[in-house]
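Bear in mind these aren't lab numbers, they're just calculated from the coordinates by the rules spelled out. Keep in mind that this is a model prediction, so the values were computed, not measured. Neighbour counts run over all protein chains shown; Cβ positions are idealised from the backbone, glycine included.
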Amino acid sequence: MPQKYFNIAGPCNSSKHYMLDPLRGINKRNREIPCFVLLARMLARSYSGRERYSIYCTKNKIRIGNSKLRQLRNGFVSRARTPFVHSIALVGMRNIRDYKARIRSDSETLGSSSPFNIVTESLNLRNFAKEDVSKLYAQHTQETGQIFEPQVADYIFEQTQGQPWLVNAIARECVEKICKKDYAIPITSEMAKTAINNIILARGTHFDSLMERLKENRVRNIIEPLILGEAFIDKSSDDYLYTRDLGLIKDSENGVVEPANPIYAEVIVRALNYSLQDSIKLERPDDNLPKYVKCDKIDIDTLLREFQFFWRENSEIWIKRYKENFYQYDEAAPHLVIQAFLQRVLNGGGSISREMALGKKRADICIEWQGQKYPIELKILKNAQTIPEGLVQLSAYMERCETERGWLVVFDRDAGKSWEEKLYIKECDKITVFGC
């Protein structure tokens with residue numbers, strides 16, 4: 001029997017768990033920097049971030065004390081007269097600047113990230129790179145002989161962006177649950193896809209911690225515009241930096257802000273509309289995928305027509321619920337409600353991929369079923385350019401999805417308009433526009 005396994009709970013032990021060097025690229029800095037902050041940007045990694053690092057440092061006689069912050073300040077300032085530790089690592093999931101308000105008001109700040117003006121540098125404990133994922137999985141192959149097919153590591157990296165807990169959890173699900181520890185069975189991309197869905201549906205403690213963050217005002221101020229695809233966010237704001245440091249969002253190479261990985265994008269939306277999905281199931285028990293399949297294709301037109309009527313009857317109720325009961329995400333209610341409506345139907349066999357990003361001024365979703373793709377773009381009506389702009393954007397999305405048809409759903413939140421004005425269906429070449 002193999003002695004090692006993929007760890008998803010508690011500190012890693014190299015004699016029991018597959019693991020990489022927790023101080024990749026940090027040892028040299030640790031020797032040279034007098035005082036620094038290591039930000040373990042691995043949200044709720046079940047100790048796989050900060051605990052691994054702290055235990056490693058303790059084992060290697062690197063002093064990380066539990067002193068009060070003011071005591072650290074005093075020791076640093078008087079180090080010329082009184083011996084003081086050479087290097088201190090403040091390890092956690094939050095930057096030290098987040099504690100500034102607890103020490104003194106903004107009017108008294110020195111303008112640095114540290115409330116004591118003694119931090120030399122703040123570092124992030126990075127996610128796995130693509131090659132790291134391959135190296136980690138290669139350890140399992142060496143231990144058991146079970147192989148990961150060549151494209152699997154790439155697919156898992158694409159879905160996780162190297163988030164360590166997710167990388168380990170997907171592998172563990174494949175090895176222990178799907179293959180039932182039969183090491184003669186190779187791990188495939190299809191298994192990895194099934195594993196991801198199982199992990200999301202299980203709603204484990206990792207995602208519970210993520211969901212708790214969504215309740216915070218600072219996080220909501222970033223995540224709600226992200227769901228809507230708002231055009232602008234202040235990247236220098238404390239809210240943005242805090243949400244980024246938690247590992248919930250990331251800056252892509254083209255400057256667009258998006259969820260940290262596709263799995264988080266899925267979990268964020270599902271968490272915010274989970275209760276709504278259950279409500280729809282009770283109210284519309286006959287809604288299932290076979291109902292909307294005609295000639296071996298999903299009848300998206302019928303599906304969206306039914307959503308129009310659902311939105312007319314229930315929009316006021318759910319907008320109010322999102323404001324009062326769901327962490328004040330009422331501005332994003334239209335996007336969340338339609339995705340819950342579609343998800344409830346597609347749980348019977350299809351799937352939804354989501355593209356959310358600040359600056360895009362829309363949200364893209366793509367229904368996938370039996371190799372077919374159905375791209376849908378969601379927009380809030382802002383002005384006369386909203387629909388023309390949406391048609392251009394959706395055409396580009398259709399090209400990426402390699403499909404010939406697309407659907408644009410436009411929500412009009414003008415309380416002065418009647419439902420007769422808001423609800424309509426228009427054909428624009430290969431795109432059907434649904435007003436809601």
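Remarks
- Its Cα gyration tensor gives the range 157-201 an equivalent ellipsoid. The semi-axes, each the square root of 5 times an eigenvalue, are 17, 10, 10 Å from largest down.
- Computed as a quarter of the hull surface, the mean projected area of the alpha carbon convex hull for the range 232-371 stands at 9.6 nm².
- Residue by residue, the range 275-287 carries 3J(HN,Hα) couplings of 5, 5, 4, 5, 5, 5, 4, 6, 6, 10, x, 8, 6 Hz when phi is fed to the Karplus relation 6.51 cos²θ - 1.76 cosθ + 1.60 (θ = phi - 60°); x denotes Gly or Pro.
- Between I380 and F411, the built amide H atoms are under 5 Å apart, and every one of these is 5 or more places off in sequence or on another chain.
- Fraction of alpha-carbon pairs over 20 Å apart in the range 307-384 - percent: 40 percent
- In this structure the amide hydrogen of K250, modeled in the peptide plane, comes within under 5 Å of the amide hydrogens of E258, A260, none closer than 5 places in sequence on its chain.
- Each residue of the range 257-268 was assigned a 3J(HN,Hα) from its phi angle through the Karplus expression (A = 6.51, B = -1.76, C = 1.60, θ = phi - 60°), giving 8, 9, x, 4, 6, x, 5, 4, 4, 5, 5, 4 Hz with x at Gly and Pro.
- Put a dot 7 Å past the Cα of Q3, heading toward its Cβ, do the same for Q139, and the two dots end up 1.4 nm apart.
- The range 71-85 - phi-based ³J(HN,Hα) in whole Hz, Karplus 6.51/-1.76/1.60, Gly and Pro as x: 5, 5, 4, 4, x, 5, 5, 9, 5, 6, 9, 10, x, 9, 4
- Model label points for V85 and D414, set 7 angstrom from Cα along the Cα-to-Cβ axis, are 6.3 nm apart.
- Once backbone amide H atoms are built at 1.01 Å from N, Y5 has H17, Y18 as its partners under 5 Å, excluding neighbours fewer than 5 places away on the same chain.
- Within the range 289-436, the percentage of alpha carbon pairs spaced more than 21 angstrom apart rounds to 43%.
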